[in-house]
1. Which residue is surrounded by the most Cβ atoms within 10 Å (Cβ to Cβ), if the candidates are limited to the range 21-79 and must be away from the ligand (no atom under 16 Å from the Cβ) and among the acidic types (Asp, Glu)?
2. For the range 305-341, name all the residues that are in a helix (DSSP H, G or I) and in contact (Cβ under 8 Å) with a residue 24 or more places away in the chain.
3. Failed condition for Leu128, given (1) buried (at least 18 other Cβ atoms within 10 Å of the Cβ); (2) closer than 30 Å to Phe382 by Cα; (3) more than 16 Å from the ligand (Cβ to nearest atom), with all others met?
4. Among what's in the range 152-172 and is within 12 Å of the ligand (Cβ to nearest atom) and assigned to a helix (DSSP H, G or I), pick the residue that is surrounded by the fewest Cβ atoms within 10 Å (Cβ to Cβ).
5. Only residues that are buried (at least 22 other Cβ atoms within 10 Å of the Cβ) and more than 16 Å from the ligand (Cβ to nearest atom): list them for the range 306-337, please.
6. Can you name every residue in the range 359-383 that is touching a helix residue (DSSP H, G or I) at 6+ places or on another chain (Cβ under 7 Å) and within 13 Å of Phe236 (Cβ to Cβ)?
7. Given (1) surrounded by fewer than 20 Cβ atoms within 10 Å (Cβ to Cβ); (2) free of Cβ contacts under 8 Å to residues at least 24 places away in the same chain; (3) closer than 25 Å to Gly55 by Cα, identify the lone condition not met by Asp82.
8. For residues in the range 342-358 being over 14 Å from Thr232 (Cα atoms) and in contact (Cβ under 8 Å) with a residue 40 or more places away in the chain, which is nearest to the ligand (Cβ to nearest atom)?
Amino acid sequence: MKVSKLPDPFKSAREDKGYGEMDDQNDPVTMLLRLKDVRKSAHKYQTFTSEAKPGRIVVPSEVAIRDVRQIPFEVDPPMHRDYRTLVEDWFRRPNAPDYQAKLSVLVEEVVALALSADKIEVINEFSLRLQSRALTLLLNVPLEISKTWIDWGTHVFRSEGEALDGNKAAILYDYIDKEIDKAIANPGEDMYSVLLASEINGRKLTKEEVKGVMILTFAGGRDTVINALTNTIAYFSDHPESLIRLRREPEIIDKTVEELIRYFSPLTHMGRVVTEDTVVCEHAVKADTRVSLCWASANRDAAVFERPNEVILDRKMNPHVGFGFSHHNCLGATHARQILKTLIRTLTEKVSSIEILESEDNIEELGHFKRKVGFHKLVAVFS
Ligand code: EMZ
């Protein structure tokens with residue numbers, strides 16, 4: 001099997017029943033597997049809330065390790081809209097030419113480093129490095145700060161064995177508290193200062209709210225971006241012909257970015273808590289239990305996507321939900337898309353082939369479903 005292949009473990013459950021079931025720390029989850037149901041349920045925040053106990057909509061649940069609400073992600077409309085409006089412009093900055101010029105420099109440096117080394121371990125020496133460096137642009141802080149973030153590793157709430165780790169979360173929380181205090185003492189042009197100065201319903205955001213936005217900014221775009229970047233490298237190692245095609249047809253790169261996000265689905269699913277007894281796919285779900293919107297399964301739904309298990313670089317109809325769907329769709333998507341687009345363009349310009357020397361898959365265990373989401377290790381030679 002090709003190293004970049006991500007099999008679809010949900011096919012038969014999706015086609016037979018439309019849902020799957022998994023346990024998670026004694027708080028089971030009914031997973032919605034069809035694109036149509038995932039989209040429909042994403043809209044229905046009154047029945048499927050995001051505003052549960054902090055950490056409970058994440059699968060695996062983070063209830064045991066955090067009590068700060070992430071904003072706007074763990075808030076429902078109408079308040080959700082107010083928070084979202086507040087941060088939306090900031091998160092659209094990656095569309096600006098000067099932002100893109102700076103991002104290109106960062107991407108080119110990381111690719112140059114990969115080319116100059118005999119071999120690299122892609123997750124740590126490429127993807128984590130690029131993710132953290134690019135985040136300095138999103139936060140508008142100096143590049144050197146990324147060194148601290150790189151030291152935290154690929155996940156801020158999990159340690160290497162994948163176990164949820166409260167001590168690790170505390171490192172992020174202390175760090176953010178200190179940064180907020182620094183910005184209060186000495187306001188600048190960084191994201192903390194901008195949030196502290198902003199108003200919601202005629203009042204300033206509280207420190208706790210600023211912290212909630214910052215935690216999401218650090219946590220939500222970390223392992224997801226790292227998986228997307230690492231999987232992109234694996235993909236081009238298996239498909240040098242795709243690099244050649246994209247070099248000749250750079251105009252399809254935007255479509256390729258969407259297709260890779262669909263195929264990789266870096267975030268497998270996101271939960272909601274059921275507010276009243278209801279039915280999903282003819283299956284009863286009780287109030288105060290959890291469902292999840294399984295983006296990874298929905299993105300392989302043959303009722304919507306032709307040849308769903310193939311990467312079609314210029315796929316025409318691509319209504320994927322790799323960045324979520326409805327009001328909670330990914331706030332960081334503009335930044336993530338720009339990173340991938342810049343990476344692909346840079347690879348077509350500078351790299352002819354990538355050889356994988358060693359790999360270890362990262363397989364998520366979701367009840368009886370086992371899903372490869374990326375790698376624990378990927379050693380590569382860039383030429
Ligand atoms: C949460 C989540 C957000 C969660 C869009 O996803 O990402 C996860 O990686 C974090 O652990 O806390 O931020």
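The values are calculated or read from the model by the stated rules, or taken from the named source; none is laboratory data. Please read these numbers as outputs of a predicted model, since none were measured by experiment. FYI the Cβ positions are ideal-geometry reconstructions off the backbone, even for glycines, and counts take in every protein chain you see.
1. Selected residue: Asp37.
2. Ser326, His327, His328, Thr334, His335, Ala336, Arg337, Gln338, Ile339, Leu340, Lys341
3. Exception for Leu128: condition (3).
4. Restricting to residues being within 12 Å of the ligand (Cβ to nearest atom) and assigned to a helix (DSSP H, G or I), the top hit is Lys168.
5. Hits for the range 306-337: nothing passes.
6. Leu378, Ala380, Phe382
7. (2)
8. In this case the residue turns out to be Leu357.
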